[in-house]
Every structure is written in C-alpha cells, then in structure tokens.
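The values are calculated or read from the model by the stated rules, or taken from the named source; none is laboratory data. Note that this is a predicted model, so its numbers are computed, not measured. Note that each Cβ is placed from the backbone with ideal geometry, even for glycine, and that neighbours are counted across all protein chains shown.
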Amino acid sequence: MLKGGCLCGGVQYEADTDGSVAGHCHCTRCQRASGSGSLPAFLVDTDKLNIVAGADQLTTYAEEGFAARHFCKTCGSGIYASGENFTVVNAGTLVPGSEFKPQFHMMVGSKASWEEITDGLTQFPEYPPMG
C-alpha cells in the first residue's frame with residue numbers, strides 16, 4: 001500500500017499497489033505539468049486508488065486525446081492522471097515511508113535538451129512495453 005497527498009494536506013490517497021510499474025516520463029506534457037524535465041510516477045489499477053480525504057478538493061484538467069490530470073484546487077498539486085484503461089500517480093506526492101523505485105525512463109525521445117539521464121535505468125524512446 002502506497003500513501004500520499006497534496007502539498008496542503010487537503011487531498012490524501014491510498015494506492016493498493018507495490019509500485020512495481022514505475023518510471024520517469026519525459027514527454028512535453030509531463031514536463032509542463034511537473035515544471036521539470038520529467039515526471040516520476042507509478043501505475044495503479046484505477047479501482048485500487050482510493051481518495052481517503054479531500055475528494056471534493058480535486059479538480060480535473062482534461063483535453064481530448066490525452067489523460068485527464070487531477071489536482072488539488074487549493075494548492076495546485078498534481079495527484080494523478082487517468083485515461084480510459086489506466087491511472088498513473090505522481091510519485092512526488094508520496095508520503096515519507098512510501099517507497100518509490102523507478103525501473104525506467106519513457107518518452108526520452110522528447111526529453112528536454114538540457115536534461116541528462118545518468119542513473120542507468122532502461123530508457124524507452126516512447127512507451128515501455130506493457131503486458
């Protein structure tokens with residue numbers, strides 16, 4: 001079980017997962033959403049993400065053809081993104097003690113020109129193979 005929440009503490013969640021599908025996304029949308037060169041995140045089955053506090057504080061930014069991004073409307077922290085068949089939780093929202101071990105970098109074909117990846121994790125030009 002992984003636990004986390006937003007900056008102001010208003011939104012809190014529990015994710016029933018071991019976080020074994022986890023990585024850094026370098027697509028330009030994740031760069032803009034995170035304000036950095038990549039967004040560390042982990043995959044969770046949609047029905048295994050439970051908002052335990054502050055569901056009424058979540059708001060959504062959705063754009064046709066892209067994952068909907070859900071964030072706290074008070075402090076602006078991005079919590080998770082969801083698509084038709086997936087949910088990805090922003091690892092930066094995990095509370096201390098929740099372990100995040102990324103296995104890969106994805107979308108490195110669109111990584112920021114100023115970012116160097118030096119951690120030795122597998123790099124995928126686009127999406128990693130799933131399944």
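So here's what we get for this one:
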item	result
Subset of the stretch 2-14 that is within 14 Å of Gly92 (Cβ to Cβ) and among the hydrophobic types (A, V, I, L, M, F, W, C) - its residue that is surrounded by the most Cβ atoms within 10 Å (Cβ to Cβ)	Val11
Residues satisfying the stated conditions in the stretch 78-104, i.e. of a type outside the set (Val, Ile, Thr) and crowded, with 20+ Cβ neighbours inside 10 Å	Gly78, Tyr80, Ala81, Asn90, Ala91, Leu94
Qualifying residue in the stretch 99-116 (condition: of a type in the set (Asp, Glu), free of Cβ contacts under 8 Å to residues at least 60 places away in the same chain and either more than 12 Å from Ser38 (Cα to Cα) or out of contact with any strand residue (DSSP E or B) (no Cβ under 6 Å at 6 or more places or on another chain) (or both))	yes
Any hit, the stretch 55-70, residues being touching a residue at least 24 places away in the same chain (Cβ under 8 Å), surrounded by fewer than 19 Cβ atoms within 10 Å (Cβ to Cβ), of a type in the set (S, T, N, Q) and closer than 16 Å to Val88 by Cβ	no
Residue within the stretch 40-59 that is among the hydroxyl-bearing types (Ser, Thr, Tyr), at pLDDT 95 or above, over 23 Å from Tyr127 (Cβ atoms) and more than 14 Å from the chain's Cα centre (by Cα) present	yes
